[in-house]
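Inspection log for the structure reproduced underneath, given as structure tokens.
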Amino acid sequence: MPHRLPHRRVLVLLLAAAGALAALPAHADPQAALAALREPGTVVLMRHARAPGVGDPAGFKLGDCSTQRNLNDEGRADARAAGQRLRAAGVKVGKLLSSPWCRCLETARLLDLGPVVADPAFGSTFRSETSSDEVTAAARRVIADWRGPGVLLAVTHQVNIQALTGRSTSSGEMIVLKRQADGSLREVGALE
């Protein structure tokens, strides 16, 4: 004989499931993210496009791309396509910052959304001698000071985005953030 749940218990389970769905992170709504990109003061954290591997080879040099993990052809195509999508959506980038790592700088340049400024506040902290707390605090200051005009777009690394937002990202993913009245940042959505 099959087990039957009383109606009240079924209703409680359904309400709990509905509540869990309502609590899903905002990144489930790319349309909200696109709408926010047209508002002043919006901040976008973008993970660099596809670069095979993890971290950098031992002994890499920050100023020498030949010693680093770099974008592959697919990553370059993805970066160009992401820039095209943002331009087609009418997104105005007021400032385009990048980690000084070559894969981030190349991603930022291939977006073709304006001049790229290397900023150590968005540099990788993965297996780094630099304190991740210091880098994250510097990135938070840059973000907190942004008022526009246009969007602040920072191309950075997964570890940095994780430290700033508490969530993991895929290659080329963009996390869209809006400043709240109390100065905190709220994730509006994500674009891949």
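The values are calculated or read from the model by the stated rules, or taken from the named source; none is laboratory data. Values in this document were obtained by computation on a predicted structure and should not be read as measured data. Here Cβ is always computed from backbone atoms with ideal geometry, including for glycine, and neighbour counts include all displayed protein chains. Surface areas here come from the heavy atoms of the whole protein model, side chains and all, with no ligands, DNA or RNA. Shrake-Rupley method; radii C 1.70, N 1.55, O 1.52, S 1.80 Å.
So the values come out like this:
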{"item": "Linear extension gain, residue 118 paired with residue 133, 0.36 nm per residue minus alpha-carbon span", "result": "3.5 nm"}
{"item": "Probe 1.4 Å - accessible area at residue 76, Å² to nearest ten", "result": "60 Å²"}
{"item": "The range 72-111, accessible area per residue, ligands and nucleic acids excluded (1.4 Å, Å²)", "result": "43 Å²"}
{"item": "Per-pair calculated FRET efficiency, R0 = 35 Å: residue 38 and residue 61 via Cβ, rounded to 0.05", "result": "0.30"}
{"item": "Estimated FRET transfer efficiency when R0 is 30 angstrom, pair residue 140-residue 192 (beta carbons, to 0.05)", "result": "0.75"}
{"item": "R0 of 25 Å, Cβ-Cβ distance residue 162-residue 29: FRET efficiency to nearest 0.05", "result": "0.75"}
